[in-house]
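All remarks here apply to the structure that follows.
The values are calculated or read from the model by the stated rules, or taken from the named source; none is laboratory data. Because the structure is predicted, anything quoted here is derived from the model rather than measured. As a convention, Cβ positions derive from the backbone with ideal geometry for all residues, glycine included, and neighbour counts pool all protein chains shown.
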Amino acid sequence: MRPTDVEFRTALRAQAARIDRYQKGQMSDTEFRPLRVSYGLYYELEHTSYLQRIKLPGGVMSAAQAVELASLADQYARGRIHFTTRQNVQLHWVALDRVPEIYERLHAVGITTRGAAGDSVRNVTLCTHAGISPDELFDVAPYAHATHDHFLFHPLNLALPRKFKIAFSGCPRDCAQARINDIGFYPHVRAGQHGFSVYAAGGLGPQPFLAQCVREFVPVEDTLIMVEAVLQLWSERGERKNRKRARMKYLFQRMGAERFVAAVNERYARIEAAHGRDLRAELAAQVREFKPGSPLQPPSPLPQTPDRHLAHWLRTNVFAQKQEGYFAGTALLPLGEISGAQLRGLAELAQRLGAGELRASNDQNLIVPWIAGACMEQFYRGLCALALGSADALHSTDVVSCPGADYCALAISRSMAVAGAIRAQLQAAGLAEQLGPLRIKASGCPNSCGQHHIADIGLTGLSVKSSDGQTQPHYSLLLGGAVGETTAAIGRRLPGRFREEDVPRAVAALVTFYQRKRNADEGFSDFVQRIRPEELPRIARQGASPAQAVNS
């Protein structure tokens, strides 16, 4: 059911009381940890402050919500905001005694942190172009938002064996990356009926695993029944002792595909018989109430312009909606970072020129839909005034990165710094638009928060001891990762490890080699499959300098 204000208020008071007890020494670190983490609150580096993760279901936020997030960042997080690869927001350097106030202010604009971390149903991710893509079979957004609401105060939520991730893909680009989730949905139409193929048990981390198909077709009205079935199986059979094995992918491997699917089907039938009518009614009500964007400006075509910078940005950062005369403009956020002032300015542009809506993508950018073509130049000029007018979104210079060792206590390397150096190196090469979409993703450790496994070029941070016994940050490289229902692939790891300072040259060498040797319109994943296995490691090592590359 859709959560009530009473449920939220009760939960917020309880969380504020727990924080108060902990600060008074009435609760130990061990007792406090699962309680704070379930609301997205992590220790920062050296435990001197906190990281607050904030959920944006489907990555969608209103202009008013964006303004409030900007204000919170300015007041409590040194004016900085980080957008993650799961359409979340993260505020860093937060003082614990201000957290209850942050929660109250978020609730006032319809945002929650419940389940942003911990052993919970995490943020439900969604195709960035849901409802506006010319290629979509139907709008999957209402089903994603209904799923988020249904499980927010679900009895099993916050008490699972470990985290549980859900994604709804909506278009052929697979913006939601559904097959790296515990349960992922792909839209299909059969005999005029809307439905989903359902995949389960995906996940990245040190041992990546792509979700496998457990149902070829489920009618859309049975979406909640399907998620209930998989979640119940996870709650009942998931590993609760060894957290390193506490993911759905290990349960799938332990049970085997046949037994896993049979167990899901058994629970599906049981839930359908007992609660099917109520779950369908709940979902139908949510779908009926779902409201798409309502733009303020009348539709119009994109402008013709002699300005080469604007023309470049229009080619790479603008998406034509299925609603004729409307477009989505992309604000490229270098490394997913934005200031409070920039977000406030972007919200104002969305309110004035769009439909007052912003969408955070899994590639750490912000998209503003429902902009009439005649307003797009004004939007671009506004972005430039905010220092957000970079072109080449989703191209080689739009590098994705987890926060890395600048923020995260688990990180081995400064992934944001190396990603920034790669971005600078490739900008100097000037090949981004010529190559088309090419995704480079960096993670500061094997946990893959930067989603390096599914990148065209992925980087994994690790440490290597030098001959004098000193530990130095290095990276391993993966090539040819991909997303898509039938095309998803885990990247192939190159042999050897590269020093942090050598990685930008190695990546640039690979990108340049791709530019020289690819066939017409050949994507990077296909290119990697075609080239001889020994060729790409050689190119990477030459770029980094053979004397500086370290053998594994």
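Quick look at the values:
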read-out	value
Of all residues making up the range 1-41, the number that are out of contact with any strand residue (DSSP E or B) (no Cβ under 6 Å at 6 or more places or on another chain), in a loop (DSSP other than H, G, I, E, B) and at pLDDT 95 or above	7
Leading residue by the ranking (farthest from residue 51 (Cα to Cα)) among those in the range 75-95 that are at pLDDT 95 or above and among the aromatic types (Phe, Trp, Tyr)	83
Any pair with Cβ under 8 angstrom, 6 or more apart, that starts in the range 281-292 at a residue that is assigned by TED's automatic domain parsing to the domain that holds residue 142 and ends at one that is among the polar types (S, T, N, Q)	283/223
Some residue of the range 320-342 being aliphatic (A, V, I, L, M), assigned to a helix (DSSP H, G or I), at positive phi and surrounded by 17 or more Cβ atoms within 10 Å (Cβ to Cβ)	yes
Given (1) more than 19 Å from the chain's Cα centre (by Cα); (2) within 20 Å of residue 474 (Cα to Cα); (3) modelled with pLDDT of 95 or more, index of the condition residue 389 fails	(2)
Any hit, the range 214-225, residues being at pLDDT 95 or above, more than 26 Å from residue 284 (Cβ to Cβ), of a type in the set (D, E, K, R) and over 21 Å from the mean Cα position of the chain (by Cα)	no
Condition met for residue 71 (polar (S, T, N, Q), over 21 Å from the mean Cα position of the chain (by Cα) and farther than 24 Å from residue 120 by Cα)	yes
Unique residue being modelled with pLDDT of 95 or more and either under 29 Å from residue 305 (Cβ atoms) or touching a Cys at 6+ places or on another chain (Cβ under 6 Å) (or both) when the list is 320, 411	320
Any hit, the range 60-67, residues being surrounded by 16 or more Cβ atoms within 10 Å (Cβ to Cβ) and farther than 21 Å from residue 293 by Cα	no
Residue, farthest from residue 167 (Cα to Cα), within the range 362-390, restricted to residues that are in contact with a His (Cβ under 9 Å, 6 or more places away or on another chain) and crowded, with 22+ Cβ neighbours inside 10 Å	380
Hits in the range 528-545 (condition: without any contact (Cβ under 8 Å) to a residue 24 or more places away in the chain and outside any loop (DSSP other than H, G, I, E, B))	530, 535, 538
Residue 367 being in contact (Cβ under 8 Å) with a residue 60 or more places away in the chain, closer than 23 Å to residue 441 by Cβ and outside any helix (DSSP H, G or I)	yes
Selection within the range 377-411 - of a type outside the set (Gly, Ala, Ser) and assigned to a helix (DSSP H, G or I)	377, 378, 379, 380, 381, 383, 384, 406
Selection status of residue 469, of a type in the set (Gly, Ala, Ser) and modelled with pLDDT of 95 or more	no
Some residue of the range 56-67 being among the aliphatic types (A, V, I, L, M) and in contact with a Phe, Trp or Tyr (Cβ under 6 Å, 6 or more places away or on another chain)	no
